[in-house]
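Enquirer: One structure is given below, represented as structure tokens, and several questions about it will come after.
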Amino acid sequence: MSRLERLLAEMKQRDLDALYLVDPANITYLTGFTGDESTLLVSPDNVVLLTDGRFIEQAKTELADEVTIHRWQHGLTEDAVALINASSAKRVALRPA
């Protein structure tokens, strides 16, 4: 079972619809992505790395296919909020740095 799969199982036990991670160490631990200026939104339906355009190519080489890459347009937090609002998530946890 992958780290992401274990996290999703834990989220299900805690009745969480999504988890928003901002600490680069946590993002690297879960996905293998080592770039900067990124956050990660994890939900049972989708795992999305929100990143600066400078890191798109790096993300494509470091991330597994299960992770969607989203180049943020308005800022990491603003785009994450928009993605959460567009989803069906009701209970979202934040894992700060």
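Enquirer: Would a scan of region 73-80 turn up a residue that is open to solvent by 30 Å² or more (accessible area, probe 1.4 Å) and within 17 Å of Leu19 (Cβ to Cβ)?
Expert: For region 73-80, residues open to solvent by 30 Å² or more (accessible area, probe 1.4 Å) and within 17 Å of Leu19 (Cβ to Cβ): present.
Enquirer: When only residues in region 48-71 that are farther than 20 Å from Pro96 by Cα and hydroxyl-bearing (Ser, Thr, Tyr) count, which is surrounded by the fewest Cβ atoms within 10 Å (Cβ to Cβ)?
Expert: The residue in question is Thr61.
Enquirer: Kindly indicate the residue of region 1-21 that is in contact with a Lys or Arg (Cβ under 7 Å, 6 or more places away or on another chain) and in a loop (DSSP other than H, G, I, E, B) and also surrounded by the fewest Cβ atoms within 10 Å (Cβ to Cβ) among those meeting that condition.
Expert: Asp15
Enquirer: For the subset of region 22-47 comprising residues that are crowded, with 20+ Cβ neighbours inside 10 Å and of a type in the set (A, V, I, L, M, F, W, C), which member is farthest from Lys90 (Cα to Cα)?
Expert: Phe33
Enquirer: So, restricting to helices (runs of 4 or more DSSP H) that lie completely within region 24-97, which ones have at least 3 residues that are modelled with pLDDT under 95, within 13 Å of the chain's Cα centre (by Cα) and over 24 Å from Ser2 (Cα atoms)?
Expert: Ranges flagged: 76-86.
Enquirer: Identify all residues within region 53-63 that are among the acidic types (Asp, Glu) and in contact (Cβ under 8 Å) with a residue 24 or more places away in the chain; write none if there are none.
Expert: Glu62, the sole residue that qualifies.
Enquirer: Answer yes if at least one residue in region 69-86 is touching a helix residue (DSSP H, G or I) at 6+ places or on another chain (Cβ under 8 Å) and touching a residue at least 40 places away in the same chain (Cβ under 8 Å), and no otherwise.
Expert: Checking region 69-86: not a single residue is touching a helix residue (DSSP H, G or I) at 6+ places or on another chain (Cβ under 8 Å) and touching a residue at least 40 places away in the same chain (Cβ under 8 Å).
The values are calculated or read from the model by the stated rules, or taken from the named source; none is laboratory data. Treat the numbers as computed from the prediction; the structure is a model and nothing was measured. In this analysis, Cβ positions are derived from the backbone assuming ideal geometry, glycine residues included, and neighbour counts consider all displayed protein chains. For the accessible areas, the whole protein counts, side chains as well, though only heavy atoms, and no ligand, DNA or RNA atoms are used. Shrake-Rupley method; radii C 1.70, N 1.55, O 1.52, S 1.80 Å.
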